[in-house]
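Trainee: Have a look at this one before I ask anything.
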C-alpha cells in the first residue's frame with residue numbers, strides 16, 4: 001500500500017520550435033526519507049522508459065528522486081551530507097524550474113538563488129537533476145498520459161500533459177477560487193466525503209468547460225502541500241472540471257503553512273511557477289487567470305497576464321481586476337454572471353492553430 005508520503009507531481013511537457021521538449025521537474029517521492037539507494041523505473045502508459053545516460057534514483061537520506069549519470073560515483077553527496085544539494089540546473093539551454101525541493105541553508109553549495117528573473121541555481125555537483133533530460137521521451141505524446149514511478153516496493157503515478165509552445169494557457173487557483181472554502185483543510189474534508197455540492201462554487205465547472213471547449217488549456221496552481229495533490233485531483237474529477245496539471249508546493253508541511261498563513265508569501269510560489277512557464281511557452285501564451293486574493297493579482301500581473309483577463313472571486317461576486325490590488329467597476333454575480341464576459345475575453349481559438357492537444 002502506498003502511503004500519503006509517496007506521491008508524484010503532475011508534469012508538463014512542452015514541445016518547442018526546434019522539436020525538443022521542455023519538462024517541469026519530476027517531483028517524485030517514495031516514502032518520507034529513503035533508507036537506502038533505490039532505482040526508480042519510469043513507465044509511460046505501462047511501457048518502460050530508459051535513457052542512455054541518466055537513471056532516476058532516490059539516494060539514501062533523500063526525499064525526492066533525481067536524475068543521475070549512470071557512471072556517477074557511489075559517493076555522490078546526498079541532501080543530508082555536509083554539502084547538501086538544494087537543486088541542480090541541468091546543462092540545458094532552457095530555463096530551470098525555480099522551486100527547490102529543499103530550502104537553501106547557509107553554506108549550501110549554491111552560487112545564486114532560485115528566484116523569478118534571469119538568475120539560476122547552480123550546484124557544484126551537476127550530476128543530479130530534478131529536471132529530466134530533454135530527450136527522455138521519444139514518443140510523440142498527444143494526449144494526457146500516465147507516468148508510473150516504480151521501485152522494488154512502491155509505485156506512484158502522475159499525469160503527463162503534453163503542450164505546444166503556442167498553446168493558450170489559463171491559470172486557476174484552487175482553494176477559494178474553485179471551492180467556497182479558502183481553508184484547504186475544510187476542502188479536504190468535503191472532498192473526502194464527496195460533499196462537492198456543498199463546497200464547489202456554483203457555475204465554475206460549466207464556465208471552465210466552455211472556456212476549455214474554445215481551445216484553452218487550464219493549469220491549476222495551489223499553495224497546498226505536495227502530499228495533498230491527490231485530493232485536489234479527485235475533487236476536480238468529481239466536479240468534471242477541465243483536465244490540467246496540478247502544481248503544488250514541494251515544501252514540507254510546516255514551511256508551506258508558514259509561507260501561506262504567517263509570512264503571507266503564497267504569491268511568491270505562484271510567481272516562480274509562472275515565471276518558469278513563460279520560458280517554456282511563447283510570450284503571449286498565458287492569456288488569463290482566476291484567483292481569489294490580492295496576492296493572486298500581484299502574481300498574475302507580475303507575470304504579465306493581461307489585466308483585463310484576470311478574474312477574482314470574493315464571496316458570491318466575481319471582480320475583474322484592472323490594476324494590482326484595486327478592483328474596477330466591473331463586477332459580476334458569481335460564475336454564472338461572469339460567463340458572457342469571460343467567453344468574450346477568451347473567444348474560440350481557430351482550429352488551424354498549431355499544437356492543439358486534447359485534455360478533456
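Trainee: For the residues 47, 317, what sequence is obtained by ranking on other C-beta atoms within 10 Å, fewest first?
Mentor: So the residues, fewest neighbours to most, are 47, 317.
Trainee: Label points 7 Å out from Cα along the Cβ direction at residue 317 and residue 51: separation in nm?
Mentor: Output for this residue pair reads 5.0 nm.
Trainee: How far apart, in nm, are two points set 7 Å out from the Cα along the Cα-to-Cβ line at residue 33 and at residue 344?
Mentor: Reported label-point gap for residue 33 and residue 344 is 5.8 nm.
Trainee: Kindly state, to the nearest 0.05, the FRET efficiency for residue 213 paired with residue 294, given R0 = 30 Å and r defined as their beta-carbon distance.
Mentor: About 0.45, to the nearest 0.05.
Trainee: Sticking with this structure for a sec: Given R₀ = 41 Å, what would the calculated FRET efficiency be for residue 142 paired with residue 336, taking r from the Cβ atoms and rounding to 0.05?
Mentor: On the way: r = 34 Å, r/R0 = 0.82.
E(calc), rounded to 0.05, equals 0.75.
Trainee: What FRET efficiency, computed as 1/(1 + (r/R0)^6) with R0 = 45 Å and r the Cβ-Cβ distance, is obtained for residue 283 and residue 70, rounded to the nearest 0.05?
Mentor: For R0 = 45 Å, the calculated efficiency reads 0.75.
Trainee: Using a 10 Å cut-off on Cβ atoms, rank the peptides 52-61, 291-300, 339-348 from the highest mean neighbour count down.
Mentor: 291-300, 52-61, 339-348
Trainee: Going by how many other Cβ atoms sit within 10 Å of their own, how do 165, 30 line up, fewest first?
Mentor: By the 10 Å Cβ count, ascending: 165, 30.
Trainee: If I model a spin label as a point 7 Å beyond the Cα along the Cα-Cβ vector, how far apart are those points for residue 351 and residue 308 in nm?
Mentor: Label-label distance for residue 351 and residue 308, simple model: 2.9 nm.
Bear in mind these aren't lab numbers, they're just calculated from the coordinates by the rules spelled out. Predicted model only: the values in this text are computed from it and were never measured. Neighbour counts run over all protein chains shown; Cβ positions are idealised from the backbone, glycine included.
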